[in-house]
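Input: a single structure, listed below in structure tokens.
The values are calculated or read from the model by the stated rules, or taken from the named source; none is laboratory data. The structure presented is a predicted model; accordingly, all values stated were derived computationally and were not measured. Note that each Cβ is placed from the backbone with ideal geometry, even for glycine, and that neighbours are counted across all protein chains shown. SASA here: full protein model, heavy atoms, side chains in, ligands and nucleic acids out. Shrake-Rupley method; radii C 1.70, N 1.55, O 1.52, S 1.80 Å.
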Amino acid sequence: MAGPSGGRAREAARLGDLARLRRARDRMDREFARPLSVAELARDAAMSAGHFARSFRAAYGEPPYRYLMTRRVERSMALLRAGVSVTEAAGAVGYGSLGTFATRFGELVGEPPGAYARRWRGVGLGLDPCVARLVTRPVRNREARPGVRP
């Protein structure tokens with residue numbers, strides 16, 4: 001049976017893991033346009049790639065690669081609303097292939113990037129940027145509820 005110090009040690013290790021996962025997530029948020037691999041992020045977090053991926057999913061509800069792709073699409077949505085072309089938006093968020101970008105964008109947003117840009121270009125949301133980001137955050141198609149999106 002583990003004594004009281006064993007429980008404290010486990011809790012300290014869990015908190016240390018969470019801090020390293022948060023640093024990795026913050027890096028993905030900052031460096032979303034760079035090519036980041038799960039192995040590289042895991043190395044920085046001092047974890048194996050498998051442990052990192054499992055721990056990240058447990059902490060944030062989605063695997064690290066999916067989190068990064070969602071952040072990239074989220075940033076591209078803001079660029080498209082600001083009037084940037086689809087090609088420029090794809091390059092600015094780290095996609096080398098316009099086809100891959102369009103596929104991922106469609107999976108998360110539910111429409112192609114060109115259609116999204118035409119619909120939202122120049123539309124002022126009249127919201128603080130942090131609220132606008134929350135309201136326009138991409139939702140994977142299988143998570144979308146009918147009637148929630150325009």
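Can you name the residue in region 78-91 that is of a type in the set (A, V, I, L, M) and open to solvent by 50 Å² or more (accessible area, probe 1.4 Å) and is also farthest from Phe105 (Cα to Cα) among such residues? Top of the filtered list is Ala82. Residues in region 25-43 that are free of Cβ contacts under 8 Å to residues at least 24 places away in the same chain and out of contact with any Ser or Thr (no Cβ under 7 Å at 6 or more places or on another chain): Asp26, Arg27, Arg30, Glu31, Ser37, Ala39, Glu40, Leu41, Arg43.
What do you reckon, is Ala90 at pLDDT 95 or above, in a helix (DSSP H, G or I) and in contact with a Leu (Cβ under 6 Å, 6 or more places away or on another chain)? Yes; evaluated as a whole, the condition is true for this residue.
Only residues that are farther than 12 Å from Leu21 by Cβ and basic (Lys, Arg): list them for region 35-59, please. Hit for region 35-59 is Arg43, nothing else. Test Ala19 against the criterion of being open to solvent by 60 Å² or more (accessible area, probe 1.4 Å), at negative phi, free of Cβ contacts under 8 Å to residues at least 12 places away in the same chain and of a type in the set (A, V, I, L, M, F, W, C), and give yes or no. When the stated conditions are applied, Ala19 does not pass them.
Would you call Glu11 of a type in the set (D, E, K, R), more than 19 Å from Arg71 (Cβ to Cβ), out of contact with any Lys or Arg (no Cβ under 9 Å at 6 or more places or on another chain) and without any contact (Cβ under 8 Å) to a residue 40 or more places away in the chain? For Glu11, the condition - of a type in the set (D, E, K, R), more than 19 Å from Arg71 (Cβ to Cβ), out of contact with any Lys or Arg (no Cβ under 9 Å at 6 or more places or on another chain) and without any contact (Cβ under 8 Å) to a residue 40 or more places away in the chain - is met. Please find, within region 13-31, the residue that is nearest to the chain's Cα centre (by Cα) out of those that are in a helix (DSSP H, G or I) and acidic (Asp, Glu). Among them, the one singled out is Asp29.
Scanning region 61-77 for residues that are open to solvent by less than 40 Å² (accessible area, probe 1.4 Å), within 30 Å of Met47 (Cα to Cα) and outside any loop (DSSP other than H, G, I, E, B) yields Pro64, Tyr67, Leu68, Met69, Thr70, Arg71, Arg72, Val73, Glu74.
For region 94-112, a residue qualifies if it is charged (D, E, K, R) and assigned to a loop (DSSP other than H, G, I, E, B), and exactly one does: Glu111. Within the set Arg27, Arg66, the sole residue that is modelled with pLDDT of 90 or more, of a type in the set (Lys, Arg) and in contact with a Leu (Cβ under 9 Å, 6 or more places away or on another chain) turns out to be Arg27.
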